[in-house]
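Accompanying notes for the structure given below.
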Amino acid sequence: MPKIKEIERTPNPDAMRFVLGEPLTNGVTRSFENSVDAESDELAKALFSIDHVINVYYVDKYITVTQDGKAVWSELLRKLAPPIREASPQLDAAEDDEVHASKEVQESDDPRLQQINQMLDEQVRPYLLADGGGLKIIGLDGNRLKVHYQGACGTCPTASTGTLYAIESMVKRIDPEIQVISV
């Protein structure tokens, strides 16, 4: 049973990040955007059964829960803590092949996509994880790179402005013609 060491605010006022005393996964990232996606995951399923939960994202010692903005955090946190404490570690879980990049991106022979994904791994995803979220590359349509924010980043007001522009600036070093859009 994981012990909750800290509960941290994220830049998204509708998301909180739980820091655990021991890992829940061994580097494997889990991202759930609704209760249907969470059916096969006991922890995510339990958290989605709580009113107002709209997103669950976790990796290693971190769990981020996003609410719909209609709950009072002090009340919601009391409901979220028991299922998190009761969660069983998933140290042998396999990574979701598409958590950071769609099949289309993984199977692409476009060297730009490979460079962009590597750049995101090294320069962007660690910072997003520190804020309780992540980023998935959906695809490259012409010169339009489609990305999808995960966890706290999914509904964060700064993700669609400042963070997106910063990512686009980095991507333009790879190809100045690429525009980045969030989907």
Fill in the blank from the handout: Restricting region 135-159 to residues that are hydrophobic (A, V, I, L, M, F, W, C) and not in a helix (DSSP H, G or I), the one nearest to residue 108 (Cα to Cα) turns out to be 140
Practice task
Output the residue which, of all residues in region 78-97 that are in contact with a Phe, Trp or Tyr (Cβ under 9 Å, 6 or more places away or on another chain) and more than 16 Å from residue 25 (Cβ to Cβ), is surrounded by the most Cβ atoms within 10 Å (Cβ to Cβ).
Solution key: 80
Problem - Those strands (runs of 3 or more DSSP E) lying entirely in region 1-73 with at least 2 residues surrounded by 21 or more Cβ atoms within 10 Å (Cβ to Cβ) - result: 15-20, 29-32, 53-59, 62-67
Exercise for the section: Could you please find all residues in region 5-47 being more than 14 Å from the chain's Cα centre (by Cα), over 20 Å from residue 97 (Cβ atoms) and β-branched (Val, Ile, Thr)? Expected result: 7, 19
Exercise for the section: Consider residue 155 carefully, then state whether it is modelled with pLDDT under 95 and exposed (fewer than 14 other Cβ atoms within 10 Å of the Cβ). Expected result: no
Exercise for the section: Can you confirm whether region 54-68 contains a residue that is touching a helix residue (DSSP H, G or I) at 6+ places or on another chain (Cβ under 8 Å), more than 16 Å from residue 149 (Cα to Cα) and among the hydrophobic types (A, V, I, L, M, F, W, C)? Expected result: no
Practice task
Determine which single condition residue 92 fails, assuming it passes every other condition in (1) assigned to a strand (DSSP E or B); (2) modelled with pLDDT under 95.
Solution key: (1)
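The values are calculated or read from the model by the stated rules, or taken from the named source; none is laboratory data. On a predicted model such as this, the values are computed, not experimentally measured, just so you know. A quick note on method: Cβ atoms are made from the backbone with ideal geometry, for glycine too, and the neighbour counts reach across all protein chains shown.
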